[in-house]
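Every number here is computed from the coordinates shown, using simple stated rules; none is lab data. These figures come from a predicted structure and were not determined experimentally. Cβ coordinates were reconstructed from backbone atoms using ideal geometry, including for glycine residues, and neighbour counts include every protein chain displayed.
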């Protein structure tokens, strides 16, 4: 995972965190614009706002504030529903903020989802933050007058994509024949993941195992190619239901 350092205007964050405060949770935001617009806004000395990271639709990750510093991303508290909020304490002192490119009603592409999940996993590991819905939250759970991060994203969808937390590959080596031209997807068992290769009908493919992924025409199973590590939909093979598979 590559992170590009962008930085923020000195007026838009606080160096360090108050004594005894460290990141204890991660807040998910929507930029309501492009990744470039966030770059510019956080570097405007008049903005008085920042986040630690921004994630683009194409999977790019920009960093604006060090995790050891206090970004101004969730400091206004209005009718909070977050179970772990500390009364009378600015949430910025103990959270990490991650912005996401797009508008509130946008569908997040798999590239963005996967990049965000990988970033969340790394931040959580550095600070021993539990990976659950109490510690990965939406901005509106702190500030009820906001819809941020919008109507599409669900915290559960991010959590299950974090490496080591989602469905795990079942080791069941098998040779399969493709029934038609089939896309091999890079990084996720989903039709929205990037296409790594396209194999023609009749190709015999060796799979290292299978995983529960995006259902396509009612079939949720995806195999993992033993050569590339890419995923391909089981419904496009002569064995659409892996032997021993159950939902």
(request) Indicate the gyration tensor shape class of the stretch 54-126 (rounded, prolate or oblate), computed on the Cα atoms with a ≥ b ≥ c the square roots of the eigenvalues: a/c under 1.5 is rounded; otherwise a/b larger than b/c is prolate and the rest oblate. (result) prolate
(message) At a 10 angstrom cut-off on C-beta neighbours, averaged per residue, how do the peptides 149-162, 87-100 rank from highest to lowest?
(response) 87-100, 149-162
(message) From the helices alone, meaning DSSP H stretches of at least four residues, give me the mean residue ellipticity at 222 nm for the chain, per-run term -39500 (n - 2.57), in deg cm²/dmol to the nearest 500.
(response) -4000 deg cm²/dmol
(message) If you average the C-alpha positions of the stretch 180-247 and of the stretch 125-154 separately, how far apart do those two centres end up, in angstrom?
(response) 32 Å
(request) Report, in degrees rounded to the nearest 10, the 0 to 90 angle that the Cα long axis of helix 110-127 makes with the longest principal axis of the chain. (result) 60 degrees
(message) Starting from the 7 Å offset along Cα-to-Cβ, what nm value, one decimal, do you get for the label separation of residue 48 and residue 4?
(response) 3.0 nm
(message) How would the stretch 110-247 be classified by its alpha-carbon gyration tensor: rounded, prolate or oblate, with rounded meaning a/c under 1.5 and the a/b versus b/c comparison settling the rest?
(response) prolate
(request) Can you grab the distance from the C-alpha centre of the stretch 82-105 to the C-alpha centre of the stretch 1-50, Å, no decimals? (result) 12 Å
(message) Rounded, prolate or oblate, given the Cα gyration tensor of the stretch 170-236, with a/c below 1.5 counting as rounded?
(response) rounded
